[in-house]
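What follows is a single structure, written as structure tokens, with notes after it.
The values are calculated or read from the model by the stated rules, or taken from the named source; none is laboratory data. Since we're looking at a predicted model, the values are computed, not measured. Every residue, glycine among them, receives a Cβ derived from its backbone with ideal geometry; neighbour counts consider all protein chains shown. Heavy atoms of the whole protein, side chains included, go into the accessibility calculation; ligands, DNA and RNA do not. Shrake-Rupley method; radii C 1.70, N 1.55, O 1.52, S 1.80 Å.
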Amino acid sequence: EMARARLRTLVLAYADVPNKTAFDNREQEWPALTFIGVLGIEDPIRPEVEDAVNQCKRAGVAVRMVTGDNKTTAIAIAKKAGIYGKVYFGKEVGEPGLVMEGKMFREMAKSEARLNQILPRLQVLARASPMDKQILVQALMKRGEVVAVTGDGTNDAPALKIANVGFAMNTGTEVAKKASDVVILDDNFSSIVTAIKWGRNVNDNICKFIQFQTTVNVAAVFIAFVGAVMSGNGESPLKPVQLLWLNLIMDTMA
């Protein structure tokens with residue numbers, strides 16, 4: 001019930017042991033434990049995260065969640081954040097998203113064909129190890145996807161390093177920051193949306209600039225060259241001053 005309410009659970013118990021018992025091995029046989037209680041620990045989702053995830057979806061960016069939490073807790077958090085839901089492949093009727101635990105994911109990763117079948121629908125990976133994150137990133141990149149990864153721990157460094165773009169948290173370890181391309185100063189997912197927005201804006205402006213410059217330059221060169229060839233006296237129809245005037249307009253407009 002706690003897990004479904006997005007709480008991470010911690011059980012407290014104790015046992016009476018002789019005073020000189022050595023606790024060298026964590027896997028050693030323990031005496032019967034007396035149950036005390038269960039704690040529910042909440043890591044609240046920021047209110048702006050759900051809207052940021054929806055913006056990503058509208059922009060064609062698929063958001064996936066990789067966590068060490070158990071499956072029930074992971075589903076509850078993913079639903080609240082807007083990550084878990086139906087997947088639309090250019091159709092009006094969506095297919096249900098897929099939630100998988102790390103152990104099963106590692107088994108399926110042994111077969112590339114089986115892995116490619118589940119990747120489009122995979123939205124939540126629970127009980128995941130750092131290696132699972134790395135396998136997921138490599139598999140997505142192999143499919144031709146542009147992959148951005150977030151992380152804050154030393155274990156996240158390999159995935160941050162191999163991804164197309166690595167986003168490290170400002171409160172994360174130095175290893176994670178050095179392995180990443182971008183450090184998010186406010187540790188907020190919505191900042192990633194802002195980064196995507198600016199990145200696409202710059203990319204679009206560069207494309208428009210090249211298109212404008214190429215169009216005007218090609219037209220000017222074509223008219224000057226063909227005009228000189230076709231004219232009887234071998235002179236270009238565009239004089240140097242006219243070309244300079246065109247160049248001035250080109251650069252100003254660009």
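Observations
- Entry remark, the stretch 96-107: residues being crowded, with 18+ Cβ neighbours inside 10 Å and over 16 Å from residue 62 (Cβ atoms) number 2 in total.
- A single entry from 140, 119 fulfils the requirement of being surrounded by 13 or more Cβ atoms within 10 Å (Cβ to Cβ) and under 13 Å from the mean Cα position of the chain (by Cα): 140.
- Meets criteria (in a loop (DSSP other than H, G, I, E, B), surrounded by 17 or more Cβ atoms within 10 Å (Cβ to Cβ), at negative phi and at pLDDT 90 or above) for residue 128: yes
- Residue-level check: of (1) free of Cβ contacts under 8 Å to residues at least 60 places away in the same chain; (2) surrounded by 12 or more Cβ atoms within 10 Å (Cβ to Cβ), residue 190 misses just (1).
- Per the conditions (1) over 30 Å from residue 182 (Cα atoms); (2) among the hydroxyl-bearing types (Ser, Thr, Tyr); (3) within 32 Å of the chain's Cα centre (by Cα), the sole criterion not satisfied by residue 194 is (1).
- Considering only residues in the stretch 1-23 that are among the hydroxyl-bearing types (Ser, Thr, Tyr) and either free of Cβ contacts under 8 Å to residues at least 12 places away in the same chain or surrounded by 12 or more Cβ atoms within 10 Å (Cβ to Cβ) (or both), the one that is nearest to residue 35 (Cα to Cα) turns out to be 9.
- Beta carbons closer than 8 Å, at least 6 apart along the sequence or on distinct chains, pair a first residue in the stretch 100-111 that is farther than 15 Å from residue 126 by Cβ with a second that is part of a helix (DSSP H, G or I) for 109/115; 109/135; 109/139.
- Options 57, 91, 71, 79; residue that is open to solvent by 70 Å² or more (accessible area, probe 1.4 Å), at pLDDT below 95, of a type in the set (Lys, Arg) and touching an Asp or Glu at 6+ places or on another chain (Cβ under 7 Å): 71
- Residue match in the stretch 174-187 (condition: aliphatic (A, V, I, L, M) and open to solvent by 60 Å² or more (accessible area, probe 1.4 Å)): yes
- Scope the stretch 165-187; condition part of a strand (DSSP E or B) and free of Cβ contacts under 8 Å to residues at least 24 places away in the same chain; matching residues: 165, 166, 168, 169, 182, 183
- Among the residues of the stretch 148-173, the ones that are β-branched (Val, Ile, Thr) and buried (at least 19 other Cβ atoms within 10 Å of the Cβ) come to 2 in all.
- Odd one out for residue 62, checked against (1) open to solvent by 60 Å² or more (accessible area, probe 1.4 Å); (2) over 30 Å from residue 87 (Cα atoms); (3) hydrophobic (A, V, I, L, M, F, W, C): (2)
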